[in-house]
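Comments concern the structure below.
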Amino acid sequence: KETFPRRKCFHLCAPRMADKQQQIIDQASKVFMRLGIRSVNMDDIAHHLRISKKTLYQVVKDKNELVERAVAHMCDHHKDGIDAICGKGLNAIDENFEIAEFIAGQLGHMHPSIHFDLQKYHAAAWDMLERRERADIYACVSQNMEKGIAEGMYREDLNIPIIAKIYIARFDAVFDGDLFTGQEFDPRVIIWEMFRYHIRGIASDKGLRYLVKKVQKEQPVLR
């Protein structure tokens with residue numbers, strides 16, 4: 001009989017503990033996105049989250065694990081955001097536009113050193129980011145092209161696997177610090193230009209007419 005209350009407490013407390021851990025990872029990822037990774041230590045994270053270092057180390061064993069979990073959380077957030085856009089039932093060009101807008105918004109909140117810090121100091125987290133983001137982008141772009149072809153917005157002769165991989169290569173270029181320096185180019189502007197460049201390359205005559213009207217309407221946003 002005495003075991004029942006304990007069992008009930010376990011079932012009630014376990015979700016709360018998981019939620020608390022998730023909140024810590026979520027808030028830590030926001031700190032990394034805002035301030036960078038290398039410039040922030042575990043003391044800084046605990047201070048910004050207003051928790052003790054002991055509490056932080058109950059969630060992760062070290063900064064490297066925290067970075068990996070923060071990156072995984074960021075990937076989940078990006079995928080959830082894009083899936084939500086794809087679930088709206090928009091036409092292919094509007095869907096692509098909203099996804100570009102979402103990505104541009106995410107880049108606007110990202111510290112410029114994030115990718116360099118990951119590559120140089122957190123190889124496992126960087127590999128996970130590249131693997132997951134590339135897989136998600138490939139699936140998203142491929143499905144969008146299939147949708148656009150069915151709607152008559154995109155050309156019927158598209159080689160979807162090749163174009164999806166070309167898109168990924170272009171997307172990688174956005175984060176190339178030698179090609180696009182943060183002082184000279186705004187990543188959000190690069191995303192917009194890539195969107196228009198991509199659609200013009202795959203659109204049918206119907207899609208191009210729609211794109212021209214859309215760009216004229218959205219031009220203040222793009223600037």
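The values are calculated or read from the model by the stated rules, or taken from the named source; none is laboratory data. Fair warning: this is a prediction, and the values are worked out from it, not measured in the lab. No Cβ is skipped: glycine too gets one built from the backbone with ideal geometry, and neighbour counts run over all protein chains shown. Quick note on the areas: whole protein, heavy atoms, side chains included, nothing else; ligands and nucleic acids left out. Shrake-Rupley method; radii C 1.70, N 1.55, O 1.52, S 1.80 Å.
General remarks:
- Debye log10 I(q)/I(0) for region 102-223, one point scatterer per Cα, at q = 0.09, 0.11, 0.13, 0.18 Å⁻¹: -0.30, -0.44, -0.61, -1.07
- If R0 equals 22 Å, the separation of the Cβ atoms of Met110 and Lys61 corresponds to a calculated FRET efficiency of about 0.30.
- Candidates Tyr121, Ser52, Met145 compared by Cα position along the dipole of region 28-184: farthest toward the positive end lies Ser52, with charges placed on Cβ.
- The Rg/Rh ratio for the chain, using Cα coordinates for both the radius of gyration and the Kirkwood hydrodynamic radius, is 1.07.
- Among the trypsin sites (Lys or Arg not before Pro) found in region 12-96, those both in a DSSP coil and sparsely packed, with 13 or fewer other Cβ atoms within 10 Å of their Cβ, are Arg50, Lys61, Lys88.
- Heavy-atom accessible area ranking, 1.4 Å probe, most first, across Tyr210, Tyr57, Tyr154, Tyr197: Tyr197, Tyr57, Tyr210, Tyr154
- Sorting Glu156, Glu146, Glu218 on solvent-accessible area from highest to lowest, probe radius 1.4 Å, gives Glu156, Glu146, Glu218.
- Nearest-20 debye value, the chain charge dipole, Cβ charges on Lys, Arg, Asp, Glu: 900
- For Tyr121, net neighbour charge (Lys/Arg +1, Asp/Glu -1) across residues whose Cβ lies under 14 Å away: -2
- Using a probe of 1.4 Å on the protein chains alone, the accessible area found for His111 is around 60 Å².
- Normalised by the number of residues in region 22-177, the mean separation of alpha-carbon contacts (under 8 Å, six or more apart) gives a relative contact order of 27 percent.
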